[in-house]
1. For segment 98-412, taking Cα atoms only, what is the radius of gyration to one decimal and the Dmax to the nearest whole Å?
2. Decide, for segment 221-346, between rounded, prolate and oblate: order the square roots of the alpha carbon gyration tensor eigenvalues as a ≥ b ≥ c, take rounded if a/c falls under 1.5, and otherwise choose prolate if a/b is larger than b/c, else oblate.
3. How do the peptides 100-113, 352-365, 210-223 rank, highest first, by the average count of neighbouring beta carbon atoms within 10 Å per residue?
4. Take each of the peptides 199-208, 252-261, 306-315, average the number of other beta-carbon atoms within 10 Å over its residues, and list them starting from the highest.
5. Please go through the residue pairs 337/424; 180/237; 409/430; 384/430 and name each one whose alpha carbons sit more than 29 Å apart in this structure.
6. Sort 198, 327 by Cβ crowding within 10 Å, fewest neighbours at the top.
7. How do 389-395, 186-192 rank on mean C-beta neighbours within 10 Å, highest first?
8. Please state the shape class of segment 180-277: rounded when a/c is under 1.5, otherwise prolate if a/b exceeds b/c and oblate if not, all from the C-alpha gyration tensor.
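Every number in this text was worked out from the coordinates using simple rules, so none of it is lab data. The structure displayed is predicted, hence computed values, not measured ones. Using ideal geometry, Cβ is built from the backbone for each residue, glycine included, and neighbour counts are taken over all protein chains shown.
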Amino acid sequence: MRLLEWLRPGLHIKRWLMLGIMGVLFISIALAGLFSLIFSDLNIAACMLFFLMGSVCLGFSVKYGFISLFSLCSDDRIRLDKGRMNKALYDNRIRARGPKIAVIGGGTGLSVLLRGLKLYTSNITAIVTVADDGGGSGKLREDLGMLPPGDIRNCILALAEMEPTMEKLFQYRFEEGTLKGQSFGNLLIASMNGISHSFEDAIKKISDVLAVTGSVIPVTLEDVTLFAELENGRVIKGESNIPLQSMAEKSKIKSVYLEPEGAVAVAEAIAAINQADAVILGPGSLYTSIIPNLLIQGIQEALAETSAMKIYIPNIMTQPGETDGYSICRHLEGIQKHAPGLTIDYVAVNIGSIPNDVREKYLLEGAELIQPLPEDIDCLLAQKIRVIEGSFIDIKNQYVRHDAAKLSKVIVNEIQQQKAANEKRTFLDKILNRGAAERNSQ
């Protein structure tokens, strides 16, 4: 198994290394024969032939080995940037062989996680909600009849390889005039959408331009609107209105649904789920970022059929008007209510704490820290859901977010361990089945 792994095509250097070793071997034989140290029966002609063969092999090895190595740096073969070379080597050798991960969600939480995951794998597919109807995205959706670009823009930025200045430009929001509140990135996506065959095609083109790691896919290309029914019976229209009206009505969300019904998932999203080693739900707003994706036709079916690990990551803090007072298991109940056939294998929970001043700030806003309670652990054990726990908190400017790098490292390690265990189990099953077949044939 290790030999096959070593021989797998990667940087195209091993073949030239082997050729170089053969060249050294031929030259050694020639010199040994020439000086009668080992092969005293070789004549001068044979020695010269071995020497010539070795020199040619060694020459090709050095030439093409260095070309393969330097081509990783840039298209300009003359200029060699050590930092870029190291990164290219890392991309090819480590990230390119990382697990295949499909991440489903939207909002800030999804883009934060993507920044961490791309440190460990380049095989990432972000499947993003298109139910957003607020802010600049909502205006473009209303004015141009296009799908909302905001969440997709943030995911592209999270996975892109770009200079800080370019990232600032992409996130820049106009402060005056008719474009006030609109971001440059949204306008770029809108422009690309105008000259492309579809919104999906526009996203692919921008991803290519910005050297995105993995891919970003809208969950559907159909124009859908999110509705919520509150516990008091009131129905709220529009993703951006739901938490606000829930707080105003002082009534929790009972359920959410999409109109029109039957919106079909993008084929690439289904394929990504089927081919993934792991599918991650969240982090993000439970009812307005995660569950809307599960209501798209084909997503639940794909999640039920895939052999991938299914991991749920709840937010660090509860969200006012959406998950007030929710425990970890209450979050899971919300998902299972809207996707009854979905089974979750792992839940990543934070066990870290936050400073008192930050806690007080969030309490004033109606949000509190989500941590596993004893009843949560019992609930998860009863459903045979494994817990991935750790201190995953990152605080910047008194805003609490997931520590994407730390969380991603733990998750990727778990995925790789599970993948290795499955491969070993499959290998042993093949041996046992082969042995049984041979015994039956006898």
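1. Radius of gyration, then largest Cα-Cα span, for segment 98-412: 18.6, 57 Å.
2. Details: a/c = 2.34, a/b = 1.43, b/c = 1.63.
Oblate, because a/c is 1.5 or more while a/b does not exceed b/c.
3. On the way: 100-113: 25.8, 352-365: 12.9, 210-223: 21.2.
Put in order of decreasing packing, that is 100-113, 210-223, 352-365.
4. Numbers: 199-208: 18.9, 252-261: 15.6, 306-315: 22.2.
The packing order, highest mean first, is 306-315, 199-208, 252-261.
5. Working: 337/424 35 Å; 180/237 25 Å; 409/430 32 Å; 384/430 27 Å.
Long pairs (Cα-Cα over 29 Å): 337/424; 409/430.
6. Values: 198 13, 327 18.
Ordered from fewest to most neighbouring Cβ atoms within 10 Å, 198, 327 come out as 198, 327.
7. Details: 389-395: 17.1, 186-192: 19.9.
Averaged packing, sorted descending, gives the order 186-192, 389-395.
8. Numbers: a/c = 2.51, a/b = 1.69, b/c = 1.49.
Judged from the Cα gyration tensor, segment 180-277 comes out prolate (a/c at least 1.5, a/b above b/c).
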